[in-house]
Amino acid sequence: MASKREKSHVPSISEYSLTHRLRLPHILTLANLQKEDRVLEIGSGSGYFIGRIAKDVDFTVGIDYNRQNNLRASAHWRSTAFVTGGAINLPFKEKSFNKIICSEVIEHIEDDLALIEEAYRVLKTNGILVITTPNLKPTFGFYKFFKKLAGITEWDIGHDREGYSEQQINRMLIGSKFVVQKMYTVNFLFPTLVRSITYLSRRILSRKIIEREGWGGAEIENIEKSRLFAVYKNLFPLVTAIAKIDSIFCPFAKGHTIVIKARKK
């Protein structure tokens, strides 16, 4: 299922997601990508991460249960292949990939252990799994407060659970025969504050919640065409630069996102 390298690219709304933009460097660093890698993203959604990875890797595949997600992702990220399927029953042979990305997905899966076991099955020996997931025990807990204030439940954003503690996700990976090589937290204050305010604004404006509708919804297309989004795109470099101030909290705080690198024995 090789993907063709193409120069053409259609900008996607996902490229202006602050949390996506800030997670990407961590994913790329931990994955330590090589041109000859075979990379799978489980729960590829808008295709942002695997699409960016495809710029430097020849064989990339994204899998998502939502066909509309895959159609939109294929239009935006033309250098990778997108497959419709489930995370706990991957339609790939054993040892098909040497790198797997799974960003903000495992908390959406009821049988989360089955996802980890499937990742183990399709990874080659010594292959790398990179996971990001919400942290249950961040230092600054205002995200929960804003969600509650906005009347947003975990179901509204498609979560089967709120997230994990570092101890929980570590035990799950070790129990599935992975070797956890690195684990830390990011998104301490500013990015999560912006996201929280966004959730609250959607409730105030009586908007549908994007995560519940999926990236294929008509609401996304309306947002892309709006004047407000055009303004936001121009401000996005500044917003991103300010968000990086978050790094000053690294030695002192636990962030809202856990980042993990695990190796298959």
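Long-range amide H contacts for G62: which residues qualify at under 5 Å (H placed 1.01 Å from N, peptide plane, sequence gap of 5 or more or a different chain)?
Excluding prolines and chain starts, which carry no amide H, the hits are E41, A81, F82, V83.
How far is it, in nm, from the label point at K182 to the one at I248 when both lie 7 Å from their Cα along the line to the Cβ?
Going from the K182 label point to the I248 one covers 2.5 nm.
If we count every other residue with Cβ under 14 angstrom of L33's Cβ, Lys/Arg +1 and Asp/Glu -1, where does the sum land? Please report the intermediate quantities before stating the final value.
Details: positive: K35, R38, R52, K55, K99, K261; negative: E36, D37, E41, D56, D58.
Residues close to L33 contribute a combined charge of +1.
Just the number: Rg to Rh for the range 1-134, Cα atoms, Kirkwood Rh, two decimals.
0.92
Using θ = phi - 60° and the Karplus form 6.51 cos²θ - 1.76 cosθ + 1.60, what ³J(HN,Hα) does each residue of the range 108-124 get, whole Hz, x for Gly and Pro?
In residue order, the calculated couplings are 8, 9, 4, 9, 5, 5, 5, 4, 4, 5, 5, 4, 4, 4, 8, 7, 6 Hz.
How much net charge surrounds L173 when only other residues with a Cβ under 15 Å from its Cβ are counted (Lys, Arg +1; Asp, Glu -1)? Walk me through the numbers before you get to the answer.
Working: positive: R121, R171, K177, K182, K261, R263, K264, K265; negative: E107, D112, E117, E118, E166.
Once all neighbours under 15 Å are counted, the net charge is +3.
Taking amide H positions as placed 1.01 Å from N in the peptide plane, with prolines and chain starts having none, which residues 5 or more places from R38, or on another chain, fall under 5 Å of its amide H?
Amide H neighbours of R38, under 5 Å, 5+ apart: N98, K99.
Using a simple spin-label model with points 7 Å from Cα along the Cα→Cβ vector, what separation in nm is obtained for K55 and L113?
Distance between label points: 4.0 nm.
Cut-off 19 Å, label point 7 angstrom out along Cα-to-Cβ of D160: give me the residues of the range 63-100 whose amide nitrogen falls inside.
63-67, 84-92
Students often get this wrong, so check it: of K93/K177; K35/K233; K137/K265; K55/K99; K144/K264, which have C-alpha atoms separated by over 26 Å? Walk me through the numbers on the way to the answer.
Values: K93/K177 19 Å; K35/K233 31 Å; K137/K265 29 Å; K55/K99 15 Å; K144/K264 34 Å.
Beyond 26 Å: K35/K233; K137/K265; K144/K264.
Which GluC sites (Glu not before Pro) in the range 16-100 sit in a loop by DSSP (not H, G, I, E or B) and have at most 12 other Cβ atoms within 10 Å of their own Cβ? Numbers along the way, then the final one.
On the way: sites: E36, E41, E94; in loops: E36, E94.
Answer by residue number: E36, E94.
Of the trypsin sites (Lys or Arg not before Pro) in the range 11-70, which ones lie in a loop per DSSP and count no more than 13 other C-beta atoms within 10 Å? Display every interim value, and only then the final one.
On the way: sites: R21, R23, K35, R38, R52, K55, R67; in loops: K35, K55.
Within the range 11-70, the qualifying trypsin sites (Lys or Arg not before Pro) (loop, at most 13 other Cβ atoms within 10 Å) are K35, K55.
No lab work stands behind these numbers, since they all come straight from the coordinates. Note that the coordinates shown come from a computational prediction; the quantities given were computed from them, not determined experimentally. Backbone-built Cβ (ideal geometry, glycine too); neighbour counts: all protein chains shown.
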